[in-house]
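Structure first, then comments.
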Amino acid sequence: MTKSDLILKITGKNSFLYQKDVQKIIDTLFDTVSTALKKGDRVEFRGFGTFSTKSRKARIGRNPKTGDPVAIPQKRLPFFKMGKSMKERINS
């Protein structure tokens with residue numbers, strides 16, 4: 001499902017909402033989650049899951065083409081953990 005599919009689905013189920021308003025809501029939600037993760041906060045949607053970040057240490061990697069060592073800097077990556085009720089809905 002793409003972002004535009006999500007917007008169309010929400011608009012279809014809520015005929016009183018305009019498509020542009022739903023798009024603003026979705027954009028605001030994604031921006032809020034991204035900003036929270038950037039600050040290092042954890043975002044939890046009950047019954048759905050939790051978004052957080054995990055840190056990777058700096059390390060030395062290899063260039064696959066030449067085999068030369070390459071310094072890979074430390075970075076934070078987004079991480080999603082599915083909630084228990086979401087697992088049950090998917091696996092039922």
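The values are calculated or read from the model by the stated rules, or taken from the named source; none is laboratory data. A quick note: this is a predicted structure, and the numbers were derived from the prediction, not measured. In this analysis, Cβ positions are derived from the backbone assuming ideal geometry, glycine residues included, and neighbour counts consider all displayed protein chains. Keep in mind that these areas ignore ligands, DNA and RNA; they rest on the heavy atoms of the full protein, side chains included. Shrake-Rupley method; radii C 1.70, N 1.55, O 1.52, S 1.80 Å.
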Could you tally the net charge around residue 44, taking each other residue with its Cβ under 14 Å from the Cβ of residue 44, Lys/Arg +1 and Asp/Glu -1?
+3
Pop out the ³J(HN,Hα) list for the stretch 42-47 in order, Karplus 6.51 cos²θ - 1.76 cosθ + 1.60 with θ = phi - 60°, rounded to Hz; leave Gly and Pro as x.
10, 10, 10, 10, 4, x
Per residue of the stretch 79-86, in order, report the coupling 6.51 cos²θ - 1.76 cosθ + 1.60 (Karplus, θ = phi - 60°) as ³J(HN,Hα) in whole Hz, putting x for Gly and Pro.
9, 10, 10, 5, x, 4, 5, 5
Considering the Cα positions of the chain, please state its Rg to one decimal place and its Dmax as a whole number of Å.
18.9, 59
Accessible area per residue in Å² at 1.4 Å probe, computed on the chain:
85
Ignoring ligands, DNA and RNA, what percent of the accessible area of the stretch 8-72 is carbon or sulfur (1.4 Å)?
55
For the stretch 30-72, with +1 on Lys and Arg beta carbons and -1 on Asp and Glu, the positive-most of 67, 35, 48 along the dipole:
67
Test item: Cα-centred dipole of the chain, Lys/Arg +1 and Asp/Glu -1 on Cβ, debye:
460
Number of Lys pairs in the stretch 38-92 with C-alpha atoms less than 25 angstrom apart, excluding same-chain neighbours closer than eight positions?
16
Once the piece of chain linking residue 36 and residue 74 is laid out straight, how much longer is it, given 0.36 nm per residue of separation minus the C-alpha distance between them?
11.7 nm
Any idea what the relative contact order of the chain is, in percent, if you count C-alpha pairs under 8 Å spaced at least 6 apart?
21
